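First up is the structure itself, then whatever we jot down about it.
Read-outs throughout are calculated quantities, based only on the coordinates presented, and are distinct from any laboratory measurement. Note that the structure is predicted; figures quoted are calculated from it, not measured. We place every Cβ from the backbone using ideal geometry, glycine too, and count neighbours over all the protein chains shown.
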Amino acid sequence: MHDLNGRADTVAEVVGRYRRHLGQAAADIAEKTRQPVESTGEGAWITDSAGRRYLDCGGYGVFLLGHSHPDVVGALQRQLGTRALSTRSMLSAELALAAERLAGIAPPGLDYVYFGTSGAEAVETALKLGRATGHRRVICAKGGFHGKTLGALSITDRLIYQRPFKPLLPDVSTVPFGDAAALAGELAADSRRACVVLEPVQGEGGIRIPPPGYLREVRDACDRHGAMLVLDEVQTGIGRLGAWWGCSIEDVVPDVLLAGKGLGGGCMPVSAVIATDRAFAPINRNARVHSSTFGGSPLAAVAVTTTLDVIERDDLVARSERLGDRLLAEFTEIAAVAPQLIREVRGRGLLLGIECARVELAGALLGGLSDAGVIATATLGSDIVVRISPPAILSDAEFAFLCAGFRSAVRELVAGTDVRSGPHSEN
């Protein structure tokens, strides 16, 4: 039996196992980008196997509470000592409470909850609810990203991910993001009822923010044409944008709302579909028409309930808004010294995107941030955008460290040192 406690495998040993068993491409990327081995995570920080600490502003939006939040970890430890998984043959008090809590912070009218384990699973559930309620065609947005399972991939606008798996779902149309008139035109062009799937802010598409009033116009167009509106807030929800939900900023209520990533408090993989009575009708009629063995497990459920409790107790939604406003102002000022290299810094709440002029500059910026002790991530739908998604628990000192790290990375970019080549954009 292998005991990982206290184990300090070398990077080469770990890469070797990746190459033999997890895939050669993953190993190649790790070697090319000189990835260290993660060791421990606490609060806003990750420590690698060599003992170096990094401020984690990556994680694809998962770590709004940081790593190993003591309240979430404590709740999970207590639950693990009694019952980790469910038999699915009896009622689960933990599941019922988590659903009640999540519906309680959702927009009004979204009373029914289905729990899964990943964002893509939530998207698949929403697509199935659309079909089962007569919304047979799907309209999505250019630049949208909803996952890589077959249904979710069909509405993910990135050819490099789609091409090996075609043909995908039929009757899928794509319209420009942020253009409500184009969406309304697409709805009017076909009499069949549609399922419209959008993000309030596109995450993987490059942190794209639509114009004010866009979601309200989309809601109105869906109402006129009898369309089901699904808002994918797997990345933007649960306080990330400085509001519980991105749709709440415009006081818009979708028919189906998707949550994930930060929902498990950075400790458990969990996603959720939150729906109106009409949209949830197929599952209300037959609970077995769509199910998951591990969805809504006792561990996942207590992670959700505790996460929501912590966010409310510590007022982290408002804190996300305040920190995000400060961070956007600081990063914009820092980036202004290199307008030929950095086109724009944009964002909302604690989801920021730094758009570079070329792909290799985005790679170099990621490398420069890592050299400065800051973890950031690329966006999977735009090769020129670097994403910053810090936790809402940042202290003033950690905030200053992040800004100093970005300043150092921009200086390195300007100096033209360590400019690494990145992949060419393909869409």
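Given the convex hull over the Cα atoms of segment 230-377, what projected area results after averaging over all orientations, in nm²? Don't jump to the answer; show the numbers that get you there.
On the way: hull surface 45.8 nm².
So the Cα hull casts an average projection of 11.5 nm².
Within the shell of other residues whose beta carbon sits under 13 angstrom from the beta carbon of T149, the net charge comes to 0, with Lys and Arg scored +1 and Asp and Glu -1.
Taking max minus min of the alpha-carbon positions on each principal axis, segment 21-160 gives extents of 54, 45, 31 Å, largest first. Positive contributions from Lys and Arg (+1) and negative ones from Asp and Glu (-1), summed over other residues with Cβ under 15 Å from the Cβ of F406, come out at -3.
Out of segment 173-267, which trypsin sites (Lys or Arg not before Pro) are coil in DSSP terms and have no more than 15 other C-beta atoms within 10 Å? List each step's numbers first, then the result.
On the way: sites: R192, R193, R208, R216, R219, R224, R240, K261; in loops: R192, R193, R240.
Qualifying residues, ordered by number: R192.
At 0.36 nm per residue, and after removing the present C-alpha to C-alpha distance, how many nm does the segment from Q340 to E312 gain when stretched out fully? 5.9 nm is the gain from fully extending Q340 to E312. Ignoring lysines fewer than eight residues from K166 along the same chain, the ones with Cα atoms less than 26 angstrom from its Cα are K128, K142, K148. Whole-percent P(r), segment 70-313, all Cα pairs, 5 Å bins from 0: 1, 7, 14, 19, 20, 16, 11, 7, 3, 1, 0, 0.
Restricting to DSSP H runs of at least four residues, report the calculated mean residue ellipticity at 222 nm for the chain, -39500 (n - 2.57) per run over all residues, nearest 500 deg cm²/dmol. Provide the component values of the computation, followed by the final result.
Working: 14 runs with 158 residues, N = 427.
Helix contribution divided over all residues of the chain: -11500 deg cm²/dmol.
Could you give the length gained on full extension between R224 and A400, defined as 0.36 nm per residue of separation minus the Cα-Cα distance, in nm? Roughly 58.5 nm would be gained on extension. Both the radius of gyration and Dmax for the chain are 21.5, 63 Å, in that order, over alpha-carbon atoms. Sequentially through segment 235-248, phi angles give Karplus couplings (6.51, -1.76, 1.60; θ = phi - 60°) of 9, 8, x, 6, x, 4, 8, x, 8, 3, 9, x, 5, 5 Hz, Gly and Pro residues having no value and appearing as x.
Spin-label model, T82/L159: points 7 Å from Cα along the beta carbon direction are separated by 5.4 nm.
What the Cα atoms of segment 318-383 give is an Rg and a Dmax of 12.0, 36 Å. Beta bridges from DSSP with both residues in the chain: antiparallel share about 65 percent, rounded to the nearest 5.
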